[in-house]
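Below is one structure, written out as structure tokens, with a few remarks after it.
Bear in mind these aren't lab numbers, they're just calculated from the coordinates by the rules spelled out. Being a predicted model, the structure only gives us computed values, none of them experimental. Neighbour counts run over all protein chains shown; Cβ positions are idealised from the backbone, glycine included.
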Amino acid sequence: MSRIAYVNGLYRPYAEASIHIDDRGYQFADGIYEVCGVREGKLMDEALHYTRMKRSLGELRIAMPVAQTALPHILREVIRRNRIRDGIVYFQITRGVAPRDHAFPPASVPSSLVITAKRLNVARMQKAVTRGVTIVTMPDIRWGRRDIKSISLLPNIMAKQAAREAGAYEAWLVDPDGYVTEGSSTNAWIIDSEGRIITRPLGNDILSGVTRLVLLQAAKAEGLDVIERPFTVEEALSAREAFISASTAIIMPVTSIDGVTIGNGEPGSISLRLRAAYEKVMELT
Ligand code: PDD
């Protein structure tokens, strides 16, 4: 079955789906995106993704390309046409097509909308959860507005690639003071010797992960202690547990950081408990 993408009003087979070379997403990475999990053909925590999308658009002064009421229908149509049961839907909005010029084009230029969807191998992901993953740390060289989910991801992809070349699954990015900001495509968490869950507070230096927000609710519902504060690499190395969060795998336990074993080297019990608690508070629509 050929995959179908939505591009500016049209549902097209992948081979024919394309954007203009003057699209500002292509020229300047002038756009934003969202990755929303799909389970049983339904969207996971959909409303929170729209809230973050609107905020990113507002911060960059990019207009919505379609009516907000239309977007849920288009996303579902892309999921349906691709027959996705478990996977993700990706949507990207850029400042539209205009002759290359750094300054914004006139407001009359419509923004561009591209939507794709793909299946995920749930069994493989589950296997990784039971094994845990490894992390390497590196300096965070990104810009000062990491709260905006921009498609400009060069430092993130460089960090992820460096992690993979070091044999690790994810890179944790570290600010100049030695505190972990987040992963290259995930939020970062540790659990201290008292069983307290620690994650960096929201601000301009990290993305407000939808999974992060839902996990905070889940921890509260479960009666787990959470402290939102920055933590150092040293603290992480001596943590009882560590994990990463993102829309696809929700929680991936971390078993080693920079070659140092975390806890007993196996996925931690609190991380797994929180992962189960997520299921009770997440929304499928
Ligand atoms: N990444 N931090 C960064 C830098 C991210 O890119 C992501 C998500 C997260 C977690 O956010 P959420 O819980 O809303 O998925 C944190 C997506 C999945 C991606 O770029 O593919």
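What's the local net charge at Lys118, with K and R +1, D and E -1, over the other residues with C-beta under 13 Å away?
+4
For Asp177 and Ser269 in the same chain, what is the full-extension length gain: residue separation times 0.36 nm, less their Cα-Cα distance, in nm? Could the numbers behind the result be given before it?
Values: separation 92, 0.36 × 92 = 33.12 nm, distance 3.02 nm.
Full extension from Asp177 to Ser269 adds 30.1 nm.
Could you list the residues of the stretch 18-48 with an amide nitrogen less than 20 Å from a label point located 7 Å from the Cα of Asp101 in the Cα-to-C-beta direction?
20-31
Given axes a ≥ b ≥ c from the Cα gyration tensor, I'd like to know whether the stretch 106-236 is rounded (a/c under 1.5), prolate (a/b larger than b/c) or oblate. Provide the component values of the computation, followed by the final result.
Values: a/c = 1.39, a/b = 1.34, b/c = 1.04.
Because its axes are fairly even, with a/c under 1.5, the stretch 106-236 counts as rounded.
In whole Å, what three semi-axes, largest first, describe the equivalent ellipsoid of the stretch 42-191 built from its Cα gyration tensor (square root of 5 times each eigenvalue)? It would help to have the intermediate numbers written out before the result.
Working: eigenvalues 177, 111, 36 Å².
Ellipsoid half-lengths, sorted descending, are 30, 24, 13 Å.
Under the rule a/c < 1.5 gives rounded, and otherwise a/b versus b/c splits prolate from oblate, where does the stretch 112-181 land using the Cα gyration tensor?
It comes out oblate by the Cα gyration axes.
Using only C-alpha positions, report the orientation-averaged shadow area of the convex hull of the stretch 181-285, nm², one decimal. Before the final figure, lay out the partial values.
Numbers: hull surface 25.7 nm².
Taking a quarter of the hull surface, the average projection is 6.4 nm².
Name the chymotrypsin sites (Phe, Trp or Tyr not before Pro) in the stretch 86-170 that are in a loop by DSSP and that have at most 13 other C-beta atoms within 10 Å, would you?
For chymotrypsin sites (Phe, Trp or Tyr not before Pro) across the stretch 86-170 that sit outside H, G, I, E and B with at most 13 neighbouring Cβ atoms in 10 Å, the list reads Trp143.
If you take all C-alpha pairs in the stretch 4-120, what percent of them are over 20 Å apart?
41
Could you list Glu46, Glu279 so that the one with the fewest beta carbons within 10 Å of its beta carbon is first and the one with the most is last? Mind dumping the intermediate values first?
On the way: Glu46 21, Glu279 9.
Result, fewest neighbours first: Glu279, Glu46.
Report the number of Lys pairs in the stretch 102-258 whose alpha-carbons are under 24 Å apart, with separation of 8 or more residues or on distinct chains.
Working: Lys118/Lys127; Lys118/Lys149; Lys118/Lys160; Lys127/Lys160; Lys149/Lys160.
Lysine pairs, 8 or more places apart or on different chains, close enough: 5.
Give me the distance between the Cα centres of the stretch 46-67 and the stretch 155-220, rounded to whole Å.
Their Cα centres are 23 Å away from one another.
What are the extents of the Cα atoms of the chain along their three principal axes, in Å, largest first?
Rounded to whole Å, the extents work out to 56, 40, 34 Å.
What 222 nm value per residue comes from the helices of the chain, counting each DSSP H run with n ≥ 4 as -39,500 (n - 2.57) and dividing by all residues, nearest 500 deg cm²/dmol?
On the way: 8 runs with 84 residues, N = 285.
Value at 222 nm, helices only, nearest 500: -9000 deg cm²/dmol.
Pull out a ≥ b ≥ c, the square roots of the eigenvalues of the alpha-carbon gyration tensor of the stretch 94-152, then state rounded if a/c is under 1.5, prolate if not and a/b is larger than b/c, and oblate in the remaining case.
It comes out oblate by the Cα gyration axes.
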